[in-house]
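Colleague: The structure's right below; bear with me while I get my questions together.
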Amino acid sequence: MRRSILLAAALTTTLGLSACAGGTEEPGDDTSSPAAAGDSLTIWVDETRQAAVEAAAASFEEETGTDVELVLKNFEDIRPDFLAQVPTGEGPDITVGAHDWLGELLSAGVVSPIELGDLAGDFEPVSVQAFTQDGQVYGLPYAVENIALIRNTALAPEAPATWADAVAAGQAAGAKYPILLQTGTEGDPYTSYPLQTSFGAPVFEQNEDGSYTPELALGGENGTAFATWLAEQGKAGVLSTDITYDIAVEAFKNGESPYIVGGPWMLEQFADLELAIDPIPAAGSQPAQPFVGVQGFYVSAQSENAVSATDFLVNFMATEEAQLALYEAGNRPPALTAAADTASSDPITDGFRTVGADAVPMPSIPEMGSVWAFWGVTEAQIISGAAEPAAAWEKMVADIQGAIG
């Protein structure tokens, strides 16, 4: 019953889009029929997702008679190839992708909305929010990824309440590094972002539905307060541009710090440690909210099989079985709540999931592309003492605004 309802909703949406496009239909044609429109699907996947999508595709083929072709691609090639091929009528019906591609994909007109209906309530809220723009959902989410505080429980039995508490506990433990946060000479605003948000200085303003506006919010008194804090942490030696990703990971692996701010991609290096995953402790008076990245599936705006594509996604990839298969392949908490509940029997997964529930989606608006070059370098200069914090931060905001136009 549920599949029929969702398929009907998808069909209605597709017909509405066709009508808006001014399409015509010859008498006797039945292009709106799921069977006629779904004779074949082409899906782009990367190696990590291949086996999980193959299993779902086999079930889909058996149940619907639709032929599914999986095309294996390098993940880094998917976005540029999708942008290049879809406008020419080529490319896949469905592709895997990240939510923060959405702004660019929408600007290019290469993706269609997906009608989730009541199914949207079955997903972690932040995962649907990440794929939402102007009230429409453009991706079927399957995994949520974010950083958190990774704690070596042998050195720090309890989670710190604040950044200052973490630093004090690390110093009391006699650790070489009280806490590790990668910076490097180019800065790392992605990793330091939760500390910035704790000062009330998010990168962009957000609408009531959580979507981002192009209005910068990282300036003003709150931004200056964060910049001043960065300078203080650099002067105290807590933060340093000498700490690159590799140095931070190696130091934590060797027991030289009780804490590292990082993501699940680090965990393989820490297999010999007893770990706990905690919220990132705030340095300011507000909660520390990291960025969350959501992986999902997009439907091509040029797909001739949009109903069948949506049927496959909402009824075969939005199942607990499929989402757990993707979790096993990628080691990221599932977006589907039922699958996330099952995966959370692992305390590490549960820890990252808990932090991700209070995180904010990485902005997917095109203006985000103008931020990175100025942001990281400015933070690094402030930490190293090469720039006066208030003036450098103010100039950074002005430079970003100028780049955005």
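Colleague: Using the per-residue mean of other Cβ atoms lying within 10 Å as a proxy for protection, in what order, highest first, do the peptides 338-349, 185-196 fall? Kindly include the intermediate steps, with their values, before the conclusion.
Modeller: Values: 338-349: 17.0, 185-196: 21.8.
With the highest mean Cβ count within 10 Å placed first, the list reads 185-196, 338-349.
Colleague: For the chain, find the longest principal axis of its Cα atoms and tell me its angle to the long axis of helix 320-330, 0 to 90°, nearest 10.
Modeller: 50
Colleague: Please report the antiparallel percentage of the DSSP beta bridges confined to the chain, to the nearest 5. Intermediate results must be reported in sequence, preceding the final value.
Modeller: Working: 27 of 39 bridges.
Around 70 percent antiparallel, to the nearest 5.
Colleague: Binning at 10 angstrom from zero up to the longest distance, how are the C-alpha pair distances of region 274-352 distributed in percent?
Modeller: Per 10 Å bin, starting at zero, the Cα-Cα P(r) for region 274-352 comes out as 16, 35, 28, 15, 6, 0 percent.
Colleague: Roughly what angle does helix 2-20 make with the longest principal axis of the chain, taking Cα atoms, 0 to 90 degrees, to the nearest 10?
Modeller: 80
Colleague: What are the radius of gyration and Dmax of the chain, computed over its Cα atoms and given in Å?
Modeller: Reported Rg and Dmax, both Å: 22.9, 81.
Colleague: If you place +1 on the Cβ of every Lys and Arg and -1 on the Cβ of every Asp and Glu, how big does the dipole about the Cα centre of the chain come out, in debye to the nearest 20?
Modeller: Numbers: 12 positive and 58 negative charges, 260 e Å.
Computed charge dipole of the chain: roughly 1260 debye.
Colleague: Given the peptides 257-269, 166-178, arrange them by the average over their residues of other C-beta atoms within 10 Å, most packed first.
Modeller: 257-269, 166-178
Colleague: For region 74-141, what D do you get in µm² per second when you plug the Kirkwood radius from alpha-carbon pairs into Stokes-Einstein at 4 °C and 1.567 mPa s?
Modeller: 102
Colleague: Can you tell me the relative contact order of region 316-376? Whole percent, Cα pairs under 8 Å, sequence separation 6 or more.
Modeller: On the way: 34 pairs, mean separation 12.5, N = 61.
It rounds to 20 percent for region 316-376.
Colleague: On to the next question. Calculate the length of the line joining the C-alpha centroid of region 266-328 to that of region 111-164, in whole Å.
Modeller: 7
Colleague: 222 nm [θ] for the chain, helices only, -39500 (n - 2.57) per DSSP H run of 4+, per residue, to 500?
Modeller: Theoretical 222 nm ellipticity from helices: -13000 deg cm²/dmol.
Colleague: Add +1 for every Lys or Arg and -1 for every Asp or Glu among the other residues with Cβ under 9 Å from the Cβ of P333, and state the total.
Modeller: -1
Colleague: Taking amide H atoms as placed 1.01 Å from N in the peptide plane, list the residues 5 or more away in sequence, or in a different chain, whose amide H sits under 5 Å from that of V292.
Modeller: Placed amide hydrogens put V360, M362 under 5 Å from V292.
Colleague: For the charge dipole of the chain, defined by +1 on Lys and Arg C-beta atoms and -1 on Asp and Glu C-beta atoms about the Cα centroid, which residue among F291, A166, L267 has the Cα displaced farthest towards the positive pole?
Modeller: Checking the options against the dipole of the chain, the answer is A166.
Colleague: Still on this model: Whose amide H sits under 5 Å from the amide H of S40, counting only residues 5 or more places off or on another chain, with H placed in the peptide plane?
Modeller: Counting only residues 5 or more places away or on other chains, the set is D67.
Colleague: Roughly what angle does helix 347-357 make with the longest principal axis of the chain, taking Cα atoms, 0 to 90 degrees, to the nearest 10?
Modeller: Helix 347-357 sits roughly 80 degrees off the main axis of the chain.
Colleague: Please list the non-local residues whose amide H lies under 5 Å from the amide H of A282, H modeled 1.01 Å from N, same-chain partners needing a gap of 5 or more.
Modeller: For A282, the qualifying residues are W163, A288.
Colleague: Over the chain, what relative contact order in percent results from Cα pairs under 8 Å that are six or more residues apart?
Modeller: About 27 percent, as a whole number.
Colleague: Compute the relative contact order of region 170-278 as a whole-number percentage, counting only Cα pairs closer than 8 Å that sit 6 or more residues apart in sequence.
Modeller: 38
Colleague: Taking the highest mean first, how do the peptides 228-239, 136-147 order by number of other beta carbon atoms within 10 angstrom per residue?
Modeller: Those peptides, ordered most packed to least, come out 136-147, 228-239.
Colleague: Efficiency by 1/(1 + (r/R0)^6): what FRET value for E186 and A55, r their Cβ-Cβ distance, R0 = 35 Å, to the nearest 0.05?
Modeller: Computed FRET efficiency for E186 and A55 comes out at 0.30.
FYI, it's all coordinate maths here, none of it is from the lab. Predicted model only: the values in this text are computed from it and were never measured. FYI the Cβ positions are ideal-geometry reconstructions off the backbone, even for glycines, and counts take in every protein chain you see.
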